[in-house]
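I have placed the structure first, in the form of structure tokens, so that the comments after it can refer back to it.
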Amino acid sequence: MEVDNETDANFADSTHKFLTWFQSLPGASIRTDLIAMEDLRSRNAGRGIVAKADIPADTVLFTVPRDAIICSATAALKNEIPGIFDLEGEGDGDSDLGDEDGTSSSSQDSWSLLILILIYEHFRGDASKWKPYLEVLPSAFDTPMFWSPAELSELQASALVARVGKGEADAMIESKILPVIRAHEHVFFPRGRGEVDDTQLLEMAHRMGSAIMAYAFDLEKDDDDDAAATADDAEDEWVEDREGRTMLGMVPMADMLNADAEFNAHINHGEDSLTATTLRPIRAGEEILNYYGPLPNSELLRRYGYVTPKHSRYDVVELPWELVEAGLKERLVGGGRVGPANWDKVCKLIRSDDDGDDDFEESFVLERLSDDPDSAGQLVGDAVFTGLPDELGDQVKAVLKALKKVAGIDLVSDKNTRKEVYLQAVLGALQARERQYATSLEDDESLMSEGRLTGRQKMGLWVRRGEKQLLREAQAWVRRELDQLLDRAADNSRSREDDGPAAKRRRT
């Protein structure tokens, strides 16, 4: 979500100039009889595209020629510093430390290159053919990278806090962006422009990187893929995509579409252009929505700066292994089955390669089972928590195998006993994970209903609330599994008691 403080008049004026510019592009088209760009800031959605009339399915709403896209293939910067544009070279994308001015192609990846292109076009001002488009891109963002420490604290124990990536982004800018600009100041700063210091450039690079994260498209994607930004594959904020070699591009008009888990339009990638097509009939007044993929709200916030109720079905929560391990220790060591010294050996063994398994995991992602949206972009069925990750069960088995190896005996040979130990340990871990949050789920529900939260406070609460809700659902599932296990054990016990006398009579 963008943070836009423009006056209504300026907002409308920049929108009008952008639309006029877009319509003047050779090969571009837009159905202004059917759709309009509107000011949706009242619902924290910036600009959006809304239906002016009822629209049938399979209607092309607009066409964007590929030469109107800002990317390495169309960049004027390529004529000024050609050495940084060959991303297909043999460089590994991380050799910038040995390249003092950063002008080797191996110093750059698709992210850093597009940041440089956007900074160059920004400083060109009126000389940039994309100026009307650049002026409707946000100058500030609601992604957690720009949150204050107090605002970040609203996320509480969410794993999102560790994935904001501000430090990594700073390091990338300082190694890949600033050296190129400083080595080519005559290229980036037009004559007569005031001096720009490194702090200002760092801020500018963060802004452009966040714009890429929120708006850029993967220009090499297959048309069968979802029309989501390449940022969907990013790991740490916007530091890199895939292997850093995929061409990214800023696509005017296409990136004016907002997105949700339930959507009604699709961006089709053609050889010469990109087109937006409706997936189902859209009624007048409805917003035209794109799709960013089945993202949890934590990831939606991290990449795009907003959350939505419909993405809650995709929420996830991380369960650290140390909590599960503590639960196992409580039941095995605390129960007197294993000595503390042997337990320490087991913990070291499963983390080493000596047990023949190099897939040790520090945490496990819990999620619901949810069907993909249908071909019309509509959600199908409910999202339901149906079980723990297989990898978690495998790692618990590895602990039990290690116990047998270290202690020399099979402590939990019975299948039901083994499963009970596993489920009890996980239940304890889930409860401990929930306690890591500063407020309870009930506290969050109360805060939400009071309606006194600011935008970022509300988004932080929405993320942590969704994670706690999923933890509750996982606990309920584990309890049901334990109840069924105990019921089966009781049935088996009664069956043995019933069979006993009959067996004696038959022998007599």
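The values are calculated or read from the model by the stated rules, or taken from the named source; none is laboratory data. None of the values given here were measured: they were computed from a predicted structure. In this analysis, Cβ positions are derived from the backbone assuming ideal geometry, glycine residues included, and neighbour counts consider all displayed protein chains. When the accessible area is computed, the model is the full protein with side chains, heavy atoms only, and any ligands, DNA or RNA have been set aside. Shrake-Rupley method; radii C 1.70, N 1.55, O 1.52, S 1.80 Å.
Details
- Residue match in segment 42-53 (condition: of a type in the set (D, E, K, R), modelled with pLDDT under 95 and open to solvent by 50 Å² or more (accessible area, probe 1.4 Å)): yes
- Segment 333-354 residues that are of a type in the set (A, V, I, L, M) and part of a loop (DSSP other than H, G, I, E, B), paired with ones that are open to solvent by less than 70 Å² (accessible area, probe 1.4 Å) and modelled with pLDDT under 90 (beta carbon under 7 Å, 6 or more apart): Val338/Leu332; Val338/Leu403; Val338/Ala407; Val338/Leu411
- Residues that are touching an Asp or Glu at 6+ places or on another chain (Cβ under 8 Å) and either of a type outside the set (D, E, K, R) or closer than 20 Å to Ala376 by Cα (or both), drawn from segment 53-72: Ala53, Pro65, Ile70
- Flag if Pro82 is open to solvent by 70 Å² or more (accessible area, probe 1.4 Å), closer than 26 Å to Ile119 by Cα and at pLDDT below 95: yes
- Residue pairs meeting the criteria (Cβ under 9 Å; at least 6 apart or on separate chains; first over 18 Å from Ala157 (Cα atoms), in segment 314-327; second assigned to a loop (DSSP other than H, G, I, E, B)): Tyr314/Ala261; Tyr314/Gly293; Tyr314/Pro294; Tyr314/Leu295; Tyr314/Pro296; Tyr314/Arg368; Tyr314/Ser370; Tyr314/Ala383
- Put simply, of Gln431, Gln436, Gln424 the only residue that is polar (S, T, N, Q) and within 17 Å of Val161 (Cα to Cα) is Gln436.
- Residue count for segment 308-330, restricted to those that are surrounded by fewer than 23 Cβ atoms within 10 Å (Cβ to Cβ), among the hydrophobic types (A, V, I, L, M, F, W, C) and out of contact with any strand residue (DSSP E or B) (no Cβ under 8 Å at 6 or more places or on another chain): 2
Residues checked against (1) touching a Pro at 6+ places or on another chain (Cβ under 8 Å); (2) without any contact (Cβ under 8 Å) to a residue 60 or more places away in the chain; (3) open to solvent by less than 60 Å² (accessible area, probe 1.4 Å); (4) of a type outside the set (S, T, N, Q):
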site	(1), (2), (3), (4)
Ile117	no, yes, yes, yes
Glu121	no, yes, yes, yes
Pro138	no, no, yes, yes
Ser158	no, no, yes, no
Glu168	no, no, no, yes
Glu174	no, yes, no, yes
Arg182	no, no, no, yes
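- The set of residues in segment 15-39 that are in contact (Cβ under 8 Å) with a residue 40 or more places away in the chain and assigned to a strand (DSSP E or B) comprises Ile30, Ile35, Met37.
- Residue satisfying all of: in segment 238-292; under 30 Å from Lys176 (Cβ atoms) and of a type in the set (Lys, Arg); modelled with the lowest pLDDT among these: Arg242
- Every residue from segment 58-78 that is at pLDDT below 95 and surrounded by fewer than 14 Cβ atoms within 10 Å (Cβ to Cβ): Ala73
- So Gly335, is it of a type outside the set (A, V, I, L, M, F, W, C) and under 19 Å from Val478 (Cα atoms): no
- Qualifying residue in segment 331-338 (condition: in contact with a Lys or Arg (Cβ under 9 Å, 6 or more places away or on another chain), at pLDDT 90 or above and open to solvent by 40 Å² or more (accessible area, probe 1.4 Å)): no
- Residue within segment 58-66 that is on the phi < 0 side of the Ramachandran plot and assigned to a helix (DSSP H, G or I) present: yes
- Flag if Asp142 is surrounded by 16 or more Cβ atoms within 10 Å (Cβ to Cβ) and among the charged types (D, E, K, R): yes
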